[in-house]
Amino acid sequence: MASTLPDPSPDARTMPAEETGTAPRAAGGVESHGIDHIPDSERRGRPRELFAVWAAANVNYLSLVVGGALVLMGLSLWQALAVIVVGNLFWLLTGLLAVPGPAAGAPSGVITRTLYGVRGNRVSNAVTGWLISVCYFALNLAAAATAAFSLVGDTGLPVNTAVKTLVVVLIAALTLAISVYGHAAIVRLYLPITLALTAVFAVLAVVVLRHTDFGYAPEHPLTGNALWATVLSGVALIASGPLSYTTSADFSRYLPRATPARAVAGWTASGGFLPSVVVCGLGACAATAVDMNDPESSLQPLLPAWFRPLFLLALVLGTIALNALTAYSAGLALQAVGLRIRRQVSVLIDGTVSVSLTLYALLVSNFLDTVGDVLQLTVVLLGPSTAVYAVDILLRRNRYDGPALTDESPDSPFWFTGGVNRRGALALCLGVAASALCVDTVYTGPLATALGGVDLALPAGLVVSAAAYALPARPGARSGRRPEHP
C-alpha cells in the first residue's frame, strides 16, 4: 500500500509511529497528522465541539457585508431576510459532508478519492480545495486588514504602506499560528472566541435594531424577472459560504468512529447556520439605516465611542478564526494534490501566497474587486462538487475504509481506470457545464440570457451532478477490489 504521508518511507507500515511522523500529538503541541489516517487510539472529543468551531468562523465581517449587500441589490428588508434564511439552509449540506470524517478518519481531500479516483482527485483538490481556499483567505484577510487599519489610525500612527504591510503580515501570522498548531488548538480556542464574538455582536445587534426600519422597501421595488433574478443571485451569494466548506470532514475526523452521524451533521450545520443567519440579518437591518457599501465607516455614527475599538477588534478576531479554518483545510488540500510536504509547511505556503495576493490587492491594484467577482463564480464549481460528494455519502451509507483510502498505488480500490473514476469526473463536468450555462455574474451564460438574467446556476449544477452520479453504473463499470458504491 502506497503511503499518503508527506515523507513516505518504504517501511512506513513497520516503523515505530515516532519515525513515520504519525505519533500521537503531545498535549498543546503541533498536530503531527496531515492527510494520513487517524487511528482509533487517537480519536477523541464530542460532536458538540463542532458547534463552536463553525460558529466562531461565521461571526465575521464578511457575513455582515453580504447581508447588507442584499438590500443594496434592491430587495426589501423582509425579502433580504428570507433570502438569508434560504441561502444558509445549505449548511445542511456542509453538515452532511462532515459525516464521513469519523467513519474514515481522513480529511475530505482523501475521502473524495472515492469520487474521482486517486489521480482525478488531485486535480479536484487543486481547484476546489486549494485555489478557492487561497482566494477566500486573501479576500477575508483584506477585510480584516481594513478594520485593523482603522484601529491603527485611531492611535495616531500613520497608516502608510509600511504600516499596512506590517498589519497584514501580523494578522496572517496569528491566523497561520492557529492553523499550524492544528486541530486541537482550533477545538480548544474556538469556544472562548465564539463567546467573545457573541458578546460583541450582541451589543452591535442592540445598536443596529434600534435604528432599523422594519418596513423598509426600495423606492422602486423589484418585480417580475428582475425580482427573481435578484433573489436567486442573493441565494447563491449566501449559499457560496456553506458550499465553500466541502472540507468539513477535516474538522470531524478526530471524533471516535462510533460517533452518531446525525450528531456530527447537526452540530456542524447548526454551528454555521445560526450565526450566519444572525450576522447576515444584522447586515441587512443595518442597510436600512446606513450605507453598507462601507460598513466599517458607515456604522461608526451609530456606535458608542467606547464600543468602536471592541467592534473593530471583533471584526479582526472573527476573520482570524474564519481564515484559520480556511488555511488548515488548504494545507491538507495541498498535500492531497500530491506534494510530499508536512502539513505545517503546506499551511505556510498557503499563507505566503494569500498574503502576497492581499498585499498586491491593497497596495498595488484593485485585485480584490476581481477576486470578489470570481468568488461569485465559485458556485459554478462548488455546487456540483458538493452534490457529487453528498450523493456518494448517501449511496455508500457513510461506509468508508480509511486505511484503504490512503492507498495511492494502482492496486488501490480507488484507482478505477488510470487513476480516474470516470463516473465521478463526468458527473462533475456535466454539473459545471449546466451551471455555467445558467450563471449571470461577470459572465452571463446563454440560458441566463434567455431567461432575462435569472441565474439558475446553483440549482442546475446541484441537480445535474447529483442525478449523473446517482444513475446506476453500467455492467462492468466497477473497478478495483470494492464496488464503486458499496
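The values are calculated or read from the model by the stated rules, or taken from the named source; none is laboratory data. Computed from a predicted model, the values in this text were never measured in an experiment. Backbone-built Cβ (ideal geometry, glycine too); neighbour counts: all protein chains shown. The protein model used for the area step is the full one, side chains on, heavy atoms only, and it has no ligands, DNA or RNA in it. Shrake-Rupley method; radii C 1.70, N 1.55, O 1.52, S 1.80 Å.
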Please work out if TYR190 is in a helix (DSSP H, G or I) and farther than 17 Å from LEU348 by Cα. yes
Which listed residue is touching a Pro at 6+ places or on another chain (Cβ under 8 Å), more than 24 Å from VAL353 (Cα to Cα) and modelled with pLDDT of 85 or more, from GLY105, GLY117, GLY153: GLY105
Could you pull out the residue among LEU274, LEU302, LEU255 that is surrounded by fewer than 24 Cβ atoms within 10 Å (Cβ to Cβ) and at pLDDT 95 or above? LEU274
Residue match in region 214-227 (condition: open to solvent by 20 Å² or more (accessible area, probe 1.4 Å), among the hydroxyl-bearing types (Ser, Thr, Tyr) and within 24 Å of the chain's Cα centre (by Cα)): no
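What helices (runs of 4 or more DSSP H) completely inside region 74-148 contain at least 1 residues that are at negative phi, in contact with a Phe, Trp or Tyr (Cβ under 7 Å, 6 or more places away or on another chain) and surrounded by fewer than 22 Cβ atoms within 10 Å (Cβ to Cβ)? Give the steps one after another, and end with the answer.
Details: elements: 77-88, 91-98, 100-104, 108-111, 113-124.
Filter on region 74-148 gives 77-88.
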Which condition does ILE132 not pass, out of (1) under 23 Å from GLY331 (Cβ atoms); (2) at pLDDT 90 or above, if it passes all the others? (2)
Can you tell me how many residues within region 262-311 are free of Cβ contacts under 8 Å to residues at least 12 places away in the same chain and either touching a Ser or Thr at 6+ places or on another chain (Cβ under 7 Å) or within 12 Å of LEU64 (Cα to Cα) (or both)? 2
Exactly one of ALA330, ALA324 is out of contact with any Gly (no Cβ under 6 Å at 6 or more places or on another chain), buried (at least 24 other Cβ atoms within 10 Å of the Cβ), closer than 19 Å to VAL167 by Cα and small (Gly, Ala, Ser), and that residue is ALA324
List pairs: first residue in region 170-196 and touching a residue at least 40 places away in the same chain (Cβ under 8 Å) and under 20 Å from GLY272 (Cα atoms), second residue among the acidic types (Asp, Glu) and assigned to a helix (DSSP H, G or I) anywhere in the structure, Cβ distance under 6 angstrom, at least six positions apart or on different chains. VAL187/GLU49
Among the residues of region 437-461, count how many are hydrophobic (A, V, I, L, M, F, W, C), touching a residue at least 40 places away in the same chain (Cβ under 8 Å) and either open to solvent by 30 Å² or more (accessible area, probe 1.4 Å) or assigned to a loop (DSSP other than H, G, I, E, B) (or both). 5
Of all residues in region 355-377, how many are surrounded by fewer than 20 Cβ atoms within 10 Å (Cβ to Cβ) and at pLDDT 80 or above? 1
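Return the residues of region 277-291 that are of a type in the set (Gly, Ala, Ser) and open to solvent by less than 20 Å² (accessible area, probe 1.4 Å); say none if nothing qualifies.
From region 277-291, those of a type in the set (Gly, Ala, Ser) are 281, 283-284, 286-287, 289; that's our starting set.
Matches in region 277-291: GLY281, GLY283, ALA284, ALA286, ALA287.
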